[in-house]
């Protein structure tokens, strides 16, 4: 107890001495007001174009410097990409003056955090204003059209910028791309083939198939599709088409074979997948695809054995299907005229089959659901002979995803077939102009709208028109129209 009390008294004495010292020290410090700055004139968000001027005018107020002398301050404008991990974040210096005045912005497309820093040279104290910059290009987003101009391939673009479309003919030349398309035009296709990668694939008869940089449209040798293949193929390997078939996967058709790309398992385009489980011979795959959605199965047509087969998600082979109540998947000697999956009725594959003996035409429909690998039959009907006579020789086909109408054109005339009523209606007659493409583009702002491309062969002037399709066989309503293209043979939308 005594030891405890003694310790208590000692601690109390120390505390009294400490407080006394603090009281005696009051008034020994000089406090100076610093020159504070208020930064105005900078918005919270900006949109800018790569390669174009970018300016910001500031308004600065200093508490101790009413006559601002820029020689007393340091200015710094910078930007970083916040989507990158800190180790990969690079600071881009934009300017070192009070007002930002960039004659040609060198940032690549993306979203950036911008910073304006003002430093008082005398004290070293600095203030920072943060803002957001969304950098786009004149080719940031929009329609890409593979056009035929006097037999030569040309890539045209309807660039969506500032909430409107700007037409850019020969966009590869416009941006100074290293790629020059050679030969006749064949295909353009855009889709995200990876969570962090976007593909713009171009095909012409002499160039083959290649990607271009999705932001700059630049090109290098390793952008050729052949660099994505494990097989020993020519550098300028040419695909008939590439189509997205589900979650980070795609099928590529070339010369009767389908090749499968699957990101999750890191499968590149390797050996063909057009072989049935348990069989030893590859079959010739028709150049049409009932592409799966999500984790469903793709539908292929075996030209060798005249049968439908399915290709399940994440597999490298196909499987036969048990016949349903409507038709046999083994079609005898029937030829596939057209096949496409549509979102109609929850997801269906439409297939048009021709009897080569008499040109009779049949419509086979199969349910293809997003989360189900099973393909089931929905219907099988013969197209009336008077309609089939034109439909079997149509130049293009498209399936309306809302009403299931089959659109097809013969020359300058566009027809709509109602599968319920089994009737056909003339919807458009372009007269002297021919129709070069009829399609729906799922990955686009107008996925439910019908797109019709036509051209005047004499004037070499192509037109792209977007129509809304009404119910009960009503007339088409023209919503958008754009001119200046060549003869459009393929169309895709570069999304953001």
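The values are calculated or read from the model by the stated rules, or taken from the named source; none is laboratory data. For clarity, every value in this text was computed on a predicted model and none was experimentally measured. Positions of Cβ are generated from backbone atoms using ideal geometry, with glycine treated the same way; all protein chains shown enter the neighbour counts.
Per-residue answers, yes or no, for (1) surrounded by 19 or more Cβ atoms within 10 Å (Cβ to Cβ); (2) in the same structural domain as residue 157 (by TED's automatic domain parsing); (3) over 29 Å from residue 239 (Cβ atoms); (4) within 24 Å of the chain's Cα centre (by Cα):
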| position | (1), (2), (3), (4) |
| --- | --- |
| 451 | yes, no, no, yes |
| 462 | yes, no, no, yes |
| 469 | yes, no, yes, no |
| 475 | no, no, yes, no |
| 481 | no, no, yes, yes |
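Of the strands (runs of 3 or more DSSP E) lying entirely inside segment 257-317, the ones with 1 or more residues being over 28 Å from residue 345 (Cα atoms) and either touching a helix residue (DSSP H, G or I) at 6+ places or on another chain (Cβ under 9 Å) or modelled with pLDDT of 95 or more (or both) are found at 257-262.
Of 104, 78, 44, all but one fail to be loosely packed, with under 11 Cβ neighbours inside 10 Å, closer than 16 Å to residue 131 by Cα and modelled with pLDDT of 85 or more; the exception is 44. For segment 318-330, name all the residues that are buried (at least 18 other Cβ atoms within 10 Å of the Cβ) and in a strand (DSSP E or B). Hit for segment 318-330 is 318, nothing else. Of 445, 401, all but one fail to be in contact (Cβ under 8 Å) with a residue 12 or more places away in the chain and either touching a helix residue (DSSP H, G or I) at 6+ places or on another chain (Cβ under 6 Å) or in a strand (DSSP E or B) (or both); the exception is 401. Evaluate segment 453-463: report whether one residue or more is modelled with pLDDT of 95 or more, assigned to a strand (DSSP E or B) and in contact with a helix residue (DSSP H, G or I) (Cβ under 6 Å, 6 or more places away or on another chain). No, segment 453-463 contains no residue that is modelled with pLDDT of 95 or more, assigned to a strand (DSSP E or B) and in contact with a helix residue (DSSP H, G or I) (Cβ under 6 Å, 6 or more places away or on another chain).
Residue by residue, here is whether (1) within 26 Å of the chain's Cα centre (by Cα); (2) under 28 Å from residue 476 (Cβ atoms); (3) in a strand (DSSP E or B) holds:
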residue	(1), (2), (3)
332	no, no, no
337	no, yes, yes
352	no, yes, yes
389	no, yes, no
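Residue by residue, here is whether (1) in a strand (DSSP E or B); (2) modelled with pLDDT of 95 or more; (3) surrounded by 17 or more Cβ atoms within 10 Å (Cβ to Cβ) holds:
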{"residue": "195", "(1), (2), (3)": "no, no, no"}
{"residue": "206", "(1), (2), (3)": "no, yes, no"}
{"residue": "210", "(1), (2), (3)": "yes, yes, yes"}
{"residue": "219", "(1), (2), (3)": "no, yes, yes"}
{"residue": "227", "(1), (2), (3)": "no, yes, no"}
{"residue": "237", "(1), (2), (3)": "no, yes, yes"}
{"residue": "244", "(1), (2), (3)": "yes, yes, yes"}
{"residue": "250", "(1), (2), (3)": "yes, yes, yes"}
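If I filter segment 218-238 down to residues being touching a helix residue (DSSP H, G or I) at 6+ places or on another chain (Cβ under 6 Å) and touching a residue at least 24 places away in the same chain (Cβ under 8 Å), which single residue comes out as nearest to residue 339 (Cα to Cα)? If you could, list the steps in order and put the result at the bottom.
The first filter runs over segment 218-238 and keeps only residues touching a helix residue (DSSP H, G or I) at 6+ places or on another chain (Cβ under 6 Å), leaving 233, 235, 237.
Still in the list and also touching a residue at least 24 places away in the same chain (Cβ under 8 Å): 235, 237.
On the way: 235: 30, 237: 25 Å.
The residue in question is 237.
Which fully enclosed strands (runs of 3 or more DSSP E) of segment 91-142 have 2 or more residues being in contact with a helix residue (DSSP H, G or I) (Cβ under 9 Å, 6 or more places away or on another chain) and under 29 Å from residue 160 (Cβ atoms)? So the answer is none; nothing clears 2.
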